[in-house]
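Visitor: Let me give you the structure first, and then I'll get to my questions.
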Amino acid sequence: IQAVVRAMSSSGGAPSPYTTLAISHPAESITHVELHRPEKRNAMNRAFWSEMVDCFNEIAGDPECRVVVVSGAGKIFTAGIDLMDMASDILQPEGDDTARISWNLRQIITKYQETFSVIEKCPKPVVVAVHGACVGGGVDLITACDIRLCTQDAWFQVKEVDIGLAADVGTLQRLPKVIGSRSLVNELALTARKMYADEAKSSGLVSRVFADKEAMMAGALEMAGEIAGRSPVAVQGTKINLVYSRDHSVAEGLNYMATWNMSMLQTQDVMKSAQAAMEKKSPKTIAFSKL
Ligand SMILES: CCC/C=C/C=C/C(=O)SCCNC(=O)CCNC(=O)[C@H](O)C(C)(C)COP(=O)(O)OP(=O)(O)OC[C@H]1O[C@@H](n2cnc3c(N)ncnc32)[C@H](O)[C@@H]1OP(=O)(O)O
């Protein structure tokens, strides 16, 4: 694992087709997506916002991938929106009158929302590993992920009010579902104060804190391996139903679940997994068909 983690943390450059993301496959069935503009602190430029959509749509349809790890290259996870590159899109939207300018701006905002919604729509679980700063759009990104890990030096900042806007690509919708305390969410979003790793853990934003990035990437990879070793039918069904249930009543969630499993229970994975359990074998020893 150490060698793989070192390789994960030192990718030489972002390979084609992306200019802002480096994609690698550190172990079987695991895809590593690394935010890769380290010299600009992984600030989210125009290319990033569309590359994430292409990348996660590709992953969603890739039967070789069962789980995704997202992390940031260089000194920090991300500085959020690229304040230099994005200004014209947002501050000078095109259009002949107010209605058309507003219409165009709505299209732009909706497009940017999709950049992180694709993470949630992707049926493969996404583990995000945060080191150093996670600012603005970074919080939008991580709240769309399924499992959040961080280093002891990590900090999180819902920075949008500081740049004069209400966060509009997911934080205000998802953070209240992640953190139990509505008061804390409101405080973070309204004051833009930094939240450090210990508070991120105690509030439930992250589930684990690691001493440093190397330990965190090893932990993320190990966790991803645990997920990837289990039935993809079970794992992807679990993610999809957890996301559905978050946004629906218990009765609606149970109804959706019953309809889901009336098909999925017919998988050969159930018999294979049950047999392994009876024989006290790990599910990781089972060869599951690709999904
Ligand atoms: C419709 C879309 C809606 C989306 C909304 C999203 C909103 C947000 O994300 S709000 C948050 C915006 N981000 C910020 O305000 C953070 C600004 N950056 C910083 O505070 C610091 O850079 C940071 C604390 C993150 C890191 O500090 P450090 O000392 O490590 O690095 P720097 O020397 O400051 O920066 C290194 C180079 O990176 C460039 N850079 C950093 N952040 C950004 C950014 N957000 N946008 C563009 N460029 C950024 C910085 O200019 C340096 O570049 P260079 O001078 O060429 O070396």
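The values are calculated or read from the model by the stated rules, or taken from the named source; none is laboratory data. Everything numeric here is computed off the predicted structure, so don't read it as measured data. Methodologically, a virtual Cβ is constructed for each residue, glycine included, from the backbone with ideal geometry; neighbour enumeration extends over all protein chains shown.
Visitor: Answer with yes or no whether F116 is within 13 Å of the ligand (Cβ to nearest atom), farther than 17 Å from A200 by Cβ, buried (at least 17 other Cβ atoms within 10 Å of the Cβ) and not aliphatic (A, V, I, L, M).
Guide: Considered against the rule, which asks whether it is within 13 Å of the ligand (Cβ to nearest atom), farther than 17 Å from A200 by Cβ, buried (at least 17 other Cβ atoms within 10 Å of the Cβ) and not aliphatic (A, V, I, L, M), F116 comes out as yes.
Visitor: If you don't mind, there's one more thing I want to ask. Take residues that are modelled with pLDDT of 95 or more and either within 13 Å of the ligand (Cβ to nearest atom) or surrounded by fewer than 17 Cβ atoms within 10 Å (Cβ to Cβ) (or both) and tell me which of the helices (runs of 4 or more DSSP H) falling wholly in the stretch 1-108 contain 2 or more.
Guide: 46-60
Visitor: Is it the case that some residue within the stretch 128-136 is closer than 30 Å to H32 by Cβ, within 7 Å of the ligand (Cβ to nearest atom) and part of a loop (DSSP other than H, G, I, E, B)?
Guide: yes
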